[in-house]
Amino acid sequence: MFEYLFDAIRDGILAPVVAMVAPAGYESYTLYTLETLVKILAILIPLLLSVLYLTYAERRIIGLIQCRIGPNRVGFFGRRVWGLGQPIADAVKLLFKEIIIPTGANKRLFIIAPLLSVAPSLAAWAVVPFDDTLVLADINAGLLYILALTSLAVYGVIIAGWASNSKYAFLGAMRSAAQIVAYEIAMGFALVCVLIAAGSLNLGEIISSQSGSILHWFWLPLLPIFLVYFISGVAETNRAPFDVAEGESEIVAGFHVEYGGMAFSIFFMAEYANMILISVLTAVLFCGGWLSPFQGLPLIGAIPYISEPSILWLLIKTSVFLFLFLWFRATFPRYRYDQIMRLGWKVFLPITIVWIVVIAGMVVARVPPWFS
Amino acid sequence: MLENYLPILIFLVVGLGLGVVLFALGYFLGPHRPDSEKQSPYECGFEAFEDARMQFDVRYYLVAILFIIFDLEIAFFFPWAIALREIGMVGFWAMMLFLAVLVIGFIYEWRKGALEWE
């Protein structure tokens with residue numbers, strides 16, 4: 001369905017325009033670049049809308065969990081529509097706020113930091129497969145690329161904390177760096193387990209190697225790793241209960257205490273895009289991505305559409321994990337810093353190392369039904 | 001094969017561009033009424049004193065070193081993990097030996113108290 005749409009846009013709109021304006025000899029390059037830009041926008045616009053409405057969903061869901069109503073006033077054209085206008089009003093408000101650059105700050109680094117944090121969190125989406133053909137860059141080192149880009153996130157945090165020249169920002173950056181780095185290790189080893197099980201770095205191939213039924217998905221043979229990966233993902237994005245880097249009640253906002261207006265909302269966007277990315281990755285790596293949970297079942301599996309792979313399954317799974325992010329925030333109190341470090345180094349790291357041995361043994365011994 | 005990576009490059013540029021555009025929009029649309037109070041570093045109710053680039057706990061540094069070691073190990077594990085089905089038993093046991101050395105180092109760190117945060 002989407003291929004036809006892209007083809008129609010390319011042949012109907014882009015090709016005539018390129019034929020008119022592009023310099024002779026460069027038509028095919030220009031067309032290719034424009035086509036890629038259209039595809040990037042097709043990923044980016046829904047992603048940014050999801051980020052907007054994730055903030056709304058967060059406030060509504062946590063409100064409901066705490067027996068409050070949450071934002072329900074701002075609507076469109078005089079109608080309230082459950083407060084759905086709230087995130088747009090927030091965005092407009094932030095747009096017209098003053099951006100303050102403190103006198104003691106390193107001006108250049110202060111401006112670069114939010115850009116460094118948002119660019120990787122968006123660019124990581126280039127290799128995420130939404131369907132068995134619907135992927136922007138079908139590279140064979142997809143997972144390596146994701147690991148590399150999610151590692152870059154820490155630079156934005158450290159540079160922001162350092163450049164602000166404020167004690168709270170500095171403390172927040174130190175904590176956040178040590179925490180991200182500690183959980184990066186657990187995450188890396190968890191990814192190694194997935195690689196052993198799938199035998200490929202390409203995200204599409206990782207999904208196809210899980211096909212069969214819900215029991216063939218990697219959450220079952222990699223159960224402890226599944227949990228470790230998702231919890232590390234929560235810690236990696238500095239979300240509650242691992243949010244000591246922001247810690248509103250002790251270091252006010254941590255590394256971005258000096259940022260306001262749009263500069264702050266760029267950090268905010270990066271954090272929420274990362275949350276969605278972690279959720280998609282958990283769905284792709286452990287829960288069969290676009291595969292249907294009813295595939296291979298007796299009765300229900302015979303019904304057309306329900307048992308077929310589709311982008312809708314990926315969206316549903318992602319939403320479930322995103323809901324977990326919000327649920328965690330409403331339920332768990334913030335961890336103490338030493339507890340966070342202990343969980344990362346002394347619990348998750350040993351679990352992942354043990355499971356590398358277990359899963360490698362299972363693959364070498366060709367244990368059915370996953371590795372036969 | 002490398003042309004598969006071109007969309008990624010474009011995506012990185014678009015991501016960076018989006019950040020720049022948003023920052024510029026905020027910069028030009030927002031007000032500019034600076035004063036010395038507003039531009040001083042944030043403090044809870046008193047004048048900021050001494051530099052914020054203060055000494056910090058050496059354990060943060062230690063964590064960074066441990067991270068480099070383990071992250072390097074992960075880089076070694078990646079190719080092995082993909083090739084495991086082809087290299088069979090020999091490859092499996094070779095890596096287990098490597099892992100054993102890693103685990104001994106890990107136990108040493110643990111016993112030395114490098115992982116303690118009290």
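So the values come out like this:
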item	result
For the protein assembly as shown, accessible area per residue (1.4 Å probe, heavy atoms of protein chains only), Å²	47
Around A:Ile62: net Lys/Arg minus Asp/Glu count, Cβ-Cβ under 9 Å	+3
At least 10 Å² accessible surface lost relative to isolated chain, residues of region B:61-81 (1.4 Å probe)	B:Val63, B:Leu66, B:Phe67, B:Phe70, B:Asp71, B:Ile74, B:Phe77, B:Phe78, B:Trp80, B:Ala81
Heavy-atom accessible area, 1.4 Å probe, ligands and nucleic acids excluded: residues of region A:99-122 down by at least 30 Å² from chain alone	A:Ile99, A:Ile100, A:Ile101, A:Thr103, A:Ile111, A:Leu115, A:Ala119, A:Leu122
Accessible carbon and sulfur surface of region B:55-118 relative to its total accessible area, %, 1.4 Å	73
Where B meets A: accessible area buried, both sides, 1.4 Å probe, Å²	7000
In nm, spacing of pseudo-spin labels at B:Lys112 and A:Gln66 (7 Å Cα→C-beta vector)	4.5
Ordering of B:68-81, A:157-170, B:88-101 by burial proxy (mean other Cβ atoms within 10 Å per residue, highest first)	A:157-170, B:68-81, B:88-101
Residues listed by number, region B:60-81, amide nitrogen under 16 Å from A:Asp338 label point at 7 Å toward C-beta	B:60
Three-way shape call for chain B based on the alpha-carbon gyration tensor, with the a/c threshold at 1.5	oblate
For region A:292-354 versus region A:164-194, the gap between their alpha-carbon centres in whole angstrom	21
Shielding score for B:21-28, defined as the mean number of other chain Cβ atoms within 10 Å	6
Value of [θ]222 nm, deg cm²/dmol, for chain B, DSSP H segments ≥ 4, -39500 (n - 2.57) each, nearest 500	-25000 deg cm²/dmol
Average beta-carbon neighbours from other chains, 10 Å sphere, peptide A:333-340	1
Tensor-based shape of region A:90-184 (alpha-carbon gyration tensor, a/c under 1.5 rounded, otherwise prolate or oblate)	oblate
Two-decimal log10 I(q)/I(0) for region B:55-118, as the Debye equation yields it once each C-alpha is a single scatterer, q = 0.21, 0.24 Å⁻¹	-0.89, -1.03
Peptides A:185-196, A:228-239, A:128-139, A:309-320 ordered by average Cβ neighbours within 10 Å, highest first	A:185-196, A:228-239, A:128-139, A:309-320
Accessible area of chain A belonging to carbon and sulfur atoms, whole % at 1.4 Å probe	70
Number of partner chain Cβ atoms within 10 Å, mean per residue of A:25-32	1
Net charge of neighbours whose Cβ lies under 13 Å from the Cβ of A:Asp11, counting Lys and Arg as +1 and Asp and Glu as -1	-2
Cα-only Debye scattering, chain A: base-10 log of I(q)/I(0) at q = 0.11 Å⁻¹	-0.88
Neighbour-limited loop hits for trypsin sites (Lys or Arg not before Pro), region B:31-111 (at most 15 other Cβ within 10 Å; DSSP other than H, G, I, E, B)	B:Arg53
Charge dipole (debye, nearest 20) of the protein assembly as shown; +1 at Cβ of Lys and Arg, -1 at Cβ of Asp and Glu	980
Relative contact order for chain A, counting Cα pairs under 8 Å that sit 6 or more residues apart, in percent	19
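The values are calculated or read from the model by the stated rules, or taken from the named source; none is laboratory data. Owing to the predicted nature of the structure, the values given are computational and were not obtained by experimental measurement. Note that we place each Cβ from the backbone using ideal geometry, even for glycine, and neighbour counts take in every protein chain shown. These area figures cover heavy atoms from the full protein model, side chains too; ligands, DNA and RNA do not enter into them. Shrake-Rupley method; radii C 1.70, N 1.55, O 1.52, S 1.80 Å.
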